[in-house]
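Everything on this sheet refers to the single structure shown next.
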Amino acid sequence: MTADPLPFRLDLGEGHYLVGDQLAGERPGYVFLHGLGSVRGGEKSASLLAHAAAHGRAFLRIDMRGHGDSSGKLGRVKVSELIADAVRTLERTGPCRLVGSSLGALVGAFAAAARPELVRGLALLAPAVGFVTNLARRLDPQGRMWTSEGLGFVVEPQVIEDGQQLDESGLPMRLRAPTLVVHGSADEVIPVRAGERFFAAIPHARKELWIVPGGDHRLNTIADQIWTRFDSLLDRVG
């Protein structure tokens, strides 16, 4: 049986805060960042929690700002703010094995590039490459974004402008940690070619690409296998 993680709150200042939960264990532990419109208690994070508990490793997950129990509103929170929040989370945990899904993968990659000493390994699941830099093209005529779960929300102009300012093209070249990129060949949100290009641009050899045949954007059904591959990569490259 997996032990229940303990809740915590991380105050960010100016009335903003993150809510998450954590499990004690050996470090570096796992930190999980969910995708757009999701929450910390999804299927992949539950799978990673069970994996961490089975291996005696620490685990931490948060609701990103604008999601779940954390402060903020979806469509108002800038991606640069999510990146800063992720860095604050890493500063709280210390060096970790960082796992991100979709938008959480992009945010996690930027955080890893900003604070490489805090990331011992990076797992990017269907990273949302090209998503935030082209937000305007993804909105309906009412200015709404729709998630893969059918959640719609209005995206404010400052969020679009913020996304356009991110140096996404230079991001993979700034990554230093061993990196696993996982992408489904049938991803309906982020084209698999985007994940392949991102992986190819990572300059070091301590990396692995797993294209899942027929895999969709969520990658829930093979989550347990992802953590095994991630651990194997880290054991192999040290």
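May I ask you to sort 179, 89, 221 by Cβ crowding, counting other Cβ atoms within 10 Å and putting the fewest first?
Going from sparsest to densest Cβ surroundings: 221, 89, 179.
What order do you get for 45, 232 when you list them from fewest to most C-beta neighbours inside 10 Å?
On the way: 45 25, 232 12.
Least crowded to most crowded, the residues run 232, 45.
Restricting to Cα atoms and excluding each atom paired with itself, what does the Kirkwood estimate give for region 55-170 in Å?
14.9 Å
Quick check on the chain: helices-only [θ] at 222 nm, where DSSP H runs of length 4 and up contribute -39,500 (n - 2.57) each and the sum goes over total residues. Nearest 500, please.
Taking each H run of at least 4 residues, the total per residue is -9500 deg cm²/dmol.
Looking at the square roots a ≥ b ≥ c of the eigenvalues of the Cα gyration tensor of region 143-199, which shape do they give, rounded for a/c under 1.5, prolate if a/b is larger than b/c, or oblate? Let's see the in-between values first.
Numbers: a/c = 2.83, a/b = 1.34, b/c = 2.12.
It comes out oblate by the Cα gyration axes.
Please give the contour-minus-distance gain from residue 46 to residue 76: 0.36 nm per residue of separation, less the Cα-Cα distance, rounded to one decimal in nm.
8.0 nm
In what sequence do 34, 204 fall when counting other Cβ within 10 Å, fewest first?
In order of increasing Cβ crowding within 10 Å: 204, 34.
Any idea how far apart residue 154 and residue 114 come out in nm if each label point goes 7 Å out from Cα toward Cβ?
Label at residue 154, label at residue 114, 2.8 nm between them.
Run through the DSSP bridge list for the chain and note the antiparallel percent, rounded to the nearest 5.
Looking only at bridges with both residues in the chain, the antiparallel portion is about 40 percent.
Suppose the chain between residue 24 and residue 174 were pulled fully straight at 0.36 nm per residue; how much longer would it get relative to their current alpha carbon spacing?
Roughly 51.0 nm would be gained on extension.
Classify region 1-123: rounded, prolate or oblate, from the alpha-carbon gyration tensor (a ≥ b ≥ c, eigenvalue square roots; a/c under 1.5 rounded; otherwise prolate if a/b is larger than b/c)?
prolate
Taking square-rooted eigenvalues a ≥ b ≥ c of the alpha carbon gyration tensor, is region 123-172 rounded, prolate or oblate, where a/c under 1.5 means rounded and, failing that, a/b exceeding b/c means prolate?
oblate
May I ask you to derive the relative contact order of region 6-237, considering only C-alpha pairs under 8 Å and at least 6 residues apart, and to give it as an integer percent?
On the way: 475 pairs, mean separation 40.3, N = 232.
Result for region 6-237 is 17 percent.
Could you tell me the calculated FRET efficiency between residue 14 and residue 146, based on Cβ-Cβ distance and R0 = 41 angstrom, to the nearest 0.05?
According to the calculation, E is roughly 0.90.
Taking every alpha carbon pair in region 6-237, what does the distance histogram look like in 10 angstrom bins from 0, in percent?
In whole percents, the pair-distance histogram is 8, 36, 39, 15, 1.
Once you place label points 7 Å from the Cα toward the Cβ at residue 139 and residue 209, how far apart are they in nm?
For residue 139 paired with residue 209, the spin-label model returns 3.3 nm.
Only the coordinates and a few stated rules stand behind these numbers; no lab work does. Note that this is a predicted model, so its numbers are computed, not measured. Note that each Cβ is placed from the backbone with ideal geometry, even for glycine, and that neighbours are counted across all protein chains shown.
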